[in-house]
Each structure stands twice: as structure tokens, then as C-alpha cells.
1. Is one or more of the residues making up segment 42-50 assigned to a loop (DSSP other than H, G, I, E, B), closer than 30 Å to ASP160 by Cα, in contact with a Ser or Thr (Cβ under 6 Å, 6 or more places away or on another chain) and not aromatic (Phe, Trp, Tyr)?
2. Give segment 62-80 a look and list any residue that's touching a helix residue (DSSP H, G or I) at 6+ places or on another chain (Cβ under 7 Å), over 21 Å from CYS21 (Cβ atoms) and either of a type in the set (D, E, K, R) or crowded, with 23+ Cβ neighbours inside 10 Å (or both), or say none.
3. Given the conditions (1) surrounded by 21 or more Cβ atoms within 10 Å (Cβ to Cβ); (2) under 21 Å from ASP160 (Cα atoms); (3) more than 12 Å from the chain's Cα centre (by Cα), which single one is not true for GLU25?
4. All but one of (1) polar (S, T, N, Q); (2) under 25 Å from PRO197 (Cβ atoms); (3) at pLDDT below 95 hold for GLN110; which doesn't?
5. Which of the following residues is out of contact with any Ser or Thr (no Cβ under 7 Å at 6 or more places or on another chain) and surrounded by fewer than 17 Cβ atoms within 10 Å (Cβ to Cβ): PRO199, PRO115?
6. Kindly establish whether SER204 is small (Gly, Ala, Ser), under 27 Å from CYS47 (Cα atoms), free of Cβ contacts under 8 Å to residues at least 24 places away in the same chain and not in a strand (DSSP E or B).
7. How many residues does segment 135-185 contain that are of a type in the set (Gly, Ala, Ser), within 19 Å of the chain's Cα centre (by Cα) and not in a loop (DSSP other than H, G, I, E, B)?
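The values are calculated or read from the model by the stated rules, or taken from the named source; none is laboratory data. Note that the coordinates shown come from a computational prediction; the quantities given were computed from them, not determined experimentally. Here the Cβ positions follow ideal geometry from the backbone for every residue, glycine too, while neighbour counts run over all protein chains shown.
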Amino acid sequence: MKVLLLNGSPHQEGCTYTALCAIGEQLEAEGIEWEIFQMGAAPIRGCTACGHCHKSGAGECAFDGDPVNKLIRAAKDCDGFVFGSPVHYASAGGAVTSLLDRAFYAGGSQFAYKPGACVVSCRRAGTTAALDQLQKYLTISNMPVVSSRYWNMVHGNTPDEVRQDLEGMQIMRVLGRNMAWLLHSIRAGENAGVERPKPENRISTNFIR
């Protein structure tokens, strides 16, 4: 089993990366493979609502010059996800927001029914608002949400300061253990013949007629 940890920061080995590695180390201790997906620092365009991803049936975005389709393809072979982001103006960073908007809209089927969690990193404040934003991707996509013993956040202005946030680092470790426990439980259920829920055809209600 494998968990993909998205580093939604332009800094390759900054504060968000430090939090994700603490989760990864715990996953490894519990027998779960993990990999960091680096979003990078290049610009990522927002969704243009062209509809190509649905019209084509490809399950990928029409624009292939950034990490969006790479993330969708990587998701096919993963059993769980952790989406990490720094806090910018009390929300997730603009680039990671564009990345997730397009990845979930075009390739949401690759994430469905797989456990997911979100973590945020900031110097001081804005974490709960950013977490609320990120977790909406999971709760609209049939994903079991993995929690910890407190909100999934770390504080610090540098990786060293993040490591000094002992409570935050504990939250990351507990999150890693909880993710591993859920993945093992799902695998045990599958081995016992428990199948995924069968999806219904979507019903869309329009309130303005």
C-alpha cells in the first residue's frame, strides 16, 4: 500500500515538507510505502471551465504543461493521500488551489473511496480556514477523511521552528498512524469480501428555474 503526500509549497524542503516527512516516517514504521509529490514553483493555471476533461472521457485536464495530469496519473497507483499547503492569506496557496481544482474536477475518480487528509503550515494564524478549504476536496469526492488528535497544522517560520512545534509534530505522527490503521482496515475488509459502495448516478438540483 502506498500514500502520496503532496507538497503544495513552492519551497521544496520547507515547513510543509517537514510536516509531511513526519507523517511519512510514521507510515513507514507501520508498513506503508510513501512518496512526496513536489508541486514545484512554476506557475499553475486555474481551471478555464472548458469541459474538455469530461467531454473527452480521458479523465485528464486539457492543459498538460504543469503537474496536474502528473498528479492524476500518480493517484491511480496510490491507496491514500495527504495534501499539504502553506497558509497564504488564511487560505491554501494559489498554485496548490489551482492544482487541486483541476485535478479533482478532471480526475476525481482516481481519488474516490481512498483515505485522504490535509495538513497546513503557517507562521502564526489562518490555519483553520485553510484546512476547511482543503478538506472540501475530500468531502465532495467520496473520500474517507483521516483525522488526528487535533487540527492537522504545524507552526513555524523555518523547518527548524516547525520541528520545535512539539505538539504539531505529534499531530503529524498520530495522523500517519491513523492513516496506516485505516488503510490496513480497508485492506482487511477487501480480503473479507467487503466491496466499495456502488456509486449512484449524479442528481443535480438547480434552484433557479
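1. yes
2. Answer for segment 62-80, where residues must be touching a helix residue (DSSP H, G or I) at 6+ places or on another chain (Cβ under 7 Å), over 21 Å from CYS21 (Cβ atoms) and either of a type in the set (D, E, K, R) or crowded, with 23+ Cβ neighbours inside 10 Å (or both): VAL68, ILE72, LYS76.
3. Against the list (1) surrounded by 21 or more Cβ atoms within 10 Å (Cβ to Cβ); (2) under 21 Å from ASP160 (Cα atoms); (3) more than 12 Å from the chain's Cα centre (by Cα), GLU25 comes up short only on (1).
4. Here GLN110 clears every test but (3).
5. Unique residue meeting the criteria: PRO199.
6. So SER204 fits the description; yes.
7. 3
Listed here are the residues, each with its yes/no results for (1) in contact (Cβ under 8 Å) with a residue 60 or more places away in the chain; (2) within 25 Å of VAL146 (Cβ to Cβ).
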residue	(1), (2)
GLU13	yes, yes
THR18	yes, yes
MET39	yes, yes
ARG45	no, no
GLY51	no, no
PRO67	no, yes
SER98	no, yes
